[in-house]
1. Test Leu246 against the criterion of being touching a residue at least 40 places away in the same chain (Cβ under 8 Å), open to solvent by 10 Å² or more (accessible area, probe 1.4 Å) and at negative phi, and give yes or no.
2. Among Tyr220, Tyr305, which is under 14 Å from the mean Cα position of the chain (by Cα) and of a type in the set (Phe, Trp, Tyr)?
3. Go through the residues of segment 175-197 one by one and say whether even a single one is of a type in the set (Gly, Ala, Ser), over 25 Å from Trp286 (Cβ atoms) and in contact with a Ser or Thr (Cβ under 8 Å, 6 or more places away or on another chain).
4. Looking only at segment 133-189, count every residue that is of a type outside the set (Phe, Trp, Tyr), farther than 19 Å from Pro301 by Cβ and in a loop (DSSP other than H, G, I, E, B) and tell me the total.
5. Anything in segment 24-56 that is under 22 Å from the mean Cα position of the chain (by Cα) and modelled with pLDDT of 70 or more? List them, or say none.
6. Among the residues in segment 219-242, are any in contact with a strand residue (DSSP E or B) (Cβ under 7 Å, 6 or more places away or on another chain), of a type outside the set (Ser, Thr, Tyr), surrounded by 22 or more Cβ atoms within 10 Å (Cβ to Cβ) and in a loop (DSSP other than H, G, I, E, B)?
7. What's the number of the condition Asp275 fails, among (1) touching a residue at least 12 places away in the same chain (Cβ under 8 Å); (2) open to solvent by 50 Å² or more (accessible area, probe 1.4 Å); (3) not in a helix (DSSP H, G or I)?
8. Tell me, yes or no, whether segment 156-167 has at least one residue that is under 21 Å from Tyr305 (Cβ atoms) and either within 18 Å of the chain's Cα centre (by Cα) or surrounded by 22 or more Cβ atoms within 10 Å (Cβ to Cβ) (or both).
Amino acid sequence: MESTTKAERELANIERQISSLEAAAGDNREARARLQRLHEQVEQMRRQLSAQQSAWTKTELARHPQRPYTLDYVERIFTDWSEVHGDRAFGDDAAMVCGFARFHEQEVAVIGHQKGRDTKSKVYRNFGMPNPEGYRKALRVMQIAQKFSRPILTFIDTPGAYPGLGAEERGQAEAIARNLREMARLQVPIIATITGEGGSGGALAIAVADRVLMMENAIYSVISPEGCASIMWRDAAKRDVAAQALRITSKDLSDLGCIDEVVAEPDNGAHGDHDAAAKLLDVVLWKHLEELLKVPASRLPDSRYDKFRKMAQFFTKK
């Protein structure tokens, strides 16, 4: 991590030099040539930094407080957003946002976890950890989408479902299990995108999809690296070792066949440029949705079932 931090400082210094030179260069050939060399240095250092990033570094990026959340993507990618509240059984859950919108003029349902940025909003959004009513609200919106033949787009960014006493009393496990079952049966296209943290059943409850996408610096795992380290070594400080062993990065999960595509992020990460990150995601989402809209609705549940049955298989063909 020390070498990575040093490289990041050097990169920031070079970028400052570039900004100063670009302002003063004008038509000066020597200055322009120096600018070109500096741009080449920056590109080389970015490639080196990317190669050096460990699974734990990716985890820290996935949890970055300035990373775009569901409503940030809704604002930039969709039009005519209309939010739906409540599960018609207990109440509303601000950690799960659901609604309907237009995506390239196609009417869609949008569902996603929502975190907060300051203390007040973090508490209001319950740190992105839904209660059972959040998952029941999501299912209600999915069932409406099924009724009106609207594709479903989900955005996943949660440490996990809320493990509090009230959540357990109101049937947290049952709510998640029901979502898994019902999503497997829906006869509309479903695309899930892991935009930050994909934590355990809390993530999977809105991720049983025809296509599963993952942002470049996102993570997706059955347990957090800290939780794994605490169980395996009785020492949460070994979180970096656990993160590497869990294979939670987008590249690892792509190699395992658990996701369909890694969505590239801007050079400085999604947290550094929300607009650029949304544009990159927009293109990939639309590509996959166009493909899925051509598939007969009756075939979607079977193909979805086959997709999940084939994930992470380890065998050698003779």
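1. yes
2. Result of the check over Tyr220, Tyr305: Tyr220.
3. No - not one qualifying residue is present in segment 175-197.
4. The total comes to 7.
5. Listed by number, the residues that qualify are Ser54, Ala55, Trp56.
6. No: segment 219-242 contains no residue that is in contact with a strand residue (DSSP E or B) (Cβ under 7 Å, 6 or more places away or on another chain), of a type outside the set (Ser, Thr, Tyr), surrounded by 22 or more Cβ atoms within 10 Å (Cβ to Cβ) and in a loop (DSSP other than H, G, I, E, B).
7. Status for Asp275: all satisfied but (3).
8. yes
The values are calculated or read from the model by the stated rules, or taken from the named source; none is laboratory data. It should be emphasised that the depicted structure is a prediction, and the values quoted were computed from it without experimental measurement. A quick note on method: Cβ atoms are made from the backbone with ideal geometry, for glycine too, and the neighbour counts reach across all protein chains shown. Side chains included, ligands, DNA and RNA excluded: accessible areas come from the protein's heavy atoms. Shrake-Rupley method; radii C 1.70, N 1.55, O 1.52, S 1.80 Å.
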